[in-house]
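Trainee: Got a structure for you, questions after.
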């Protein structure tokens with residue numbers, strides 16, 4: 001528990017976004033002088049072109065272009081085309097490109113997509129390239145690099161983090177201080193309930209101020225499940241495991257919290273109704289939400305919409321009634337980005353493509369620099385020790401603790417189907433259409449059929 005709250009300095013954020021841009025661009029992404037040619041120079045090799053599909057648009061497109069310029073200077077025989085793709089229809093476009101036989105040489109894809117493509121034999125593993133270039137995978141957090149293995153083979157390295165998605169718990173101390181109370185950061189479910197009850201206010205219209213929202217979907221259920229010793233699948237991925245005693249306790253707790261403290265799931269949905277993307281109108285930026293289970297992108301949004309907020313943070317509360325439960329986050333269950341090379345890409349293009357993947361995932365002057373410019377953590381441990389992060393975020397040390405607590409969980413290529421089934425079960429329990437026990441049992445039966453179909457095939 002903590003009573004210490006601090007602000008993110010806006011000047012520090014501008015310093016990070018500006019000063020590191022200046023030094024980073026000059027040092028990390030400035031073109032390097034090419035070797036001078038001469039009579040003894042070897043004939044110019046044929047240029048290899050890499051088409052790079054990604055979703056790093058807007059301001060991040062220019063950052064990526066700077067990395068490309070540096071990469072092309074370091075590798076004069078390789079050119080990279082930065083082909084930013086629309087997010088809408090992205091997954092369908094990836095499938096179509098692979099099916100068409102002429103996919104881009106490097107594709108940005110989610111973890112679930114990568115596992116599915118790898119399972120179908122559509123991707124080239126990178127293990128030999130990693131070994132040949134003596135890359136130290138221990139440079140990554142285990143929870144990050146662990147996301148991109150399938151059946152013992154590695155298909156990508158990570159960028160940005162797949163963790164920091166469920167492990168953070170932020171408390172708005174502006175609300176606490178306004179009431180003249182002594183604040184705390186809940187460490188257990190029971191402490192979270194007590195604090196939420198104290199600060200939640202409702203009237204006949206619904207919620208006016210929310211203490212905490214345990215969530216209303218499968219992602220939230222999975223996040224709490226792992227803070228209660230639960231699992232989604234068995235170790236061999238052949239059986240569903242979310243319908244265990246820990247799973248039922250977790251869903252019951254979510255339903256009771258939502259009904260008893262927040263007045264029901266519809267109240268919660270109405271309270272958070274609005275645009276899905278971060279805006280200054282959201283409750284968190286208007287002192288209408290005490291506790292926020294956010295992902296690491298929240299720090300940039302806080303600086304944008306409420307830079308003077310007094311806040312503190314810790315990791316997600318665990319079930320204190322379970323002696324084996326601990327606080328931990330999930331890495332790669334909800335989302336994680338990787339960069340893959342289709343198996344139809346042949347030499348020498350394949351080696352050039354792997355070099356580009358290395359630049360944007362492993363190299364500190366590529367992948368690390370890209371994250372630093374955005375003020376968000378990197379999957380590379382060493383990058384996160386840059387003093388600029390500490391200058392911007394007074395609780396950066398706690399962010400790093402949360403990343404260390406993340407767990408890379410094994411998921412199936414058909415995980416999206418399983419998750420949709422669990423999502424329907426959580427909704428049915430919250431709306432009272434089924435008891436938590438029946439909802440979870442029905443979901444387990446349906447999800448097991450998905451696994452049996454996969455393994456049978």
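The values are calculated or read from the model by the stated rules, or taken from the named source; none is laboratory data. Bear in mind that the values here come from a model prediction, so they are computed numbers and not experimental data. Neighbour counts are summed over all protein chains in view; Cβ atoms, including those assigned to glycine, are modelled from backbone coordinates with ideal geometry.
Trainee: List pairs: first in segment 185-205 and on the phi < 0 side of the Ramachandran plot, second modelled with pLDDT under 95, Cβ under 7 Å, 6+ apart or cross-chain?
Mentor: Final answer for the pair search is 185/1; 185/2; 187/1; 195/184.
Trainee: How about segment 191-230: which of its residues are within 18 Å of the chain's Cα centre (by Cα), in a loop (DSSP other than H, G, I, E, B) and crowded, with 22+ Cβ neighbours inside 10 Å?
Mentor: Result: 226, 227.
Trainee: Next up: Tally up the residues in segment 148-161 that are crowded, with 24+ Cβ neighbours inside 10 Å and closer than 21 Å to residue 395 by Cβ, please.
Mentor: So the count comes out to 1.
Trainee: Right, here's the next one. For the structure I just gave you, tell me whether residue 243 is within 30 Å of residue 117 (Cα to Cα), surrounded by fewer than 19 Cβ atoms within 10 Å (Cβ to Cβ), touching a helix residue (DSSP H, G or I) at 6+ places or on another chain (Cβ under 6 Å) and at pLDDT 95 or above. Spell out how you get there, then give the answer.
Mentor: Details: within 30 Å of residue 117 (Cα to Cα): yes; surrounded by fewer than 19 Cβ atoms within 10 Å (Cβ to Cβ): no; touching a helix residue (DSSP H, G or I) at 6+ places or on another chain (Cβ under 6 Å): yes; at pLDDT 95 or above: yes.
Judged against the criteria, residue 243 is not a match.
Per-residue answers, yes or no, for (1) crowded, with 23+ Cβ neighbours inside 10 Å; (2) assigned to a loop (DSSP other than H, G, I, E, B); (3) touching a strand residue (DSSP E or B) at 6+ places or on another chain (Cβ under 8 Å); (4) modelled with pLDDT under 95:
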position	(1), (2), (3), (4)
276	no, yes, no, yes
312	no, no, yes, no
344	no, yes, no, no
347	no, yes, no, yes
